Ligand SMILES: [Zn+2]
């Protein structure tokens, strides 16, 4: 029933609301911080955007920023500062426009520290290896 309600609200509310792939809760854009990954407000699973386009956007932003900073006449330290700033502006603008054009799905982040519970068994084994002391 809750899942049905969540699906109904996802249809009626804006298409920028995305369901959590782990628990199915619809996450409103206002709950998503402007970072690479964030925990689901409902189940706490770490989520990230499917960022297949972001590498192309950032590469284009860096190249564009270098051209813009060079044409504006900046050199040396100022060139690096301006190019970095313009890269951020172009990159965030590109990601923002991409978010308007394409609805990127959310996906689970893999390789977070709490996945490594299996390594506890290895430490147990190494401690028992120390016991036979001649
Ligand atoms: Zn969730």
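The values are calculated or read from the model by the stated rules, or taken from the named source; none is laboratory data. Model, not experiment: these values are computed from the prediction. Cβ atoms come from the backbone with ideal geometry, glycine included; neighbour counts cover every protein chain shown.
Odds and ends about this structure:
- Matching residues in region 11-30 - criterion: being farther than 17 Å from residue 107 by Cβ and either at pLDDT below 80 or within 11 Å of the ligand (Cβ to nearest atom) (or both): 11, 12, 13, 14, 15
- Members of region 39-69 found to be over 14 Å from residue 92 (Cα atoms), at pLDDT 90 or above and either in a strand (DSSP E or B) or out of contact with any helix residue (DSSP H, G or I) (no Cβ under 7 Å at 6 or more places or on another chain) (or both), listed by number: 39, 40, 42, 43, 44, 45, 46, 47, 63, 67
- Filtered residue count, region 33-62, keeping only those that are free of Cβ contacts under 8 Å to residues at least 24 places away in the same chain, surrounded by 15 or more Cβ atoms within 10 Å (Cβ to Cβ) and near the ligand (Cβ under 8 Å from one of its atoms): 2
- Positions within region 70-81 being touching a helix residue (DSSP H, G or I) at 6+ places or on another chain (Cβ under 9 Å) and part of a helix (DSSP H, G or I), in sequence order: 70, 78, 79, 80, 81
- Qualifying residue in region 101-111 (condition: surrounded by 15 or more Cβ atoms within 10 Å (Cβ to Cβ) and assigned to a helix (DSSP H, G or I)): no
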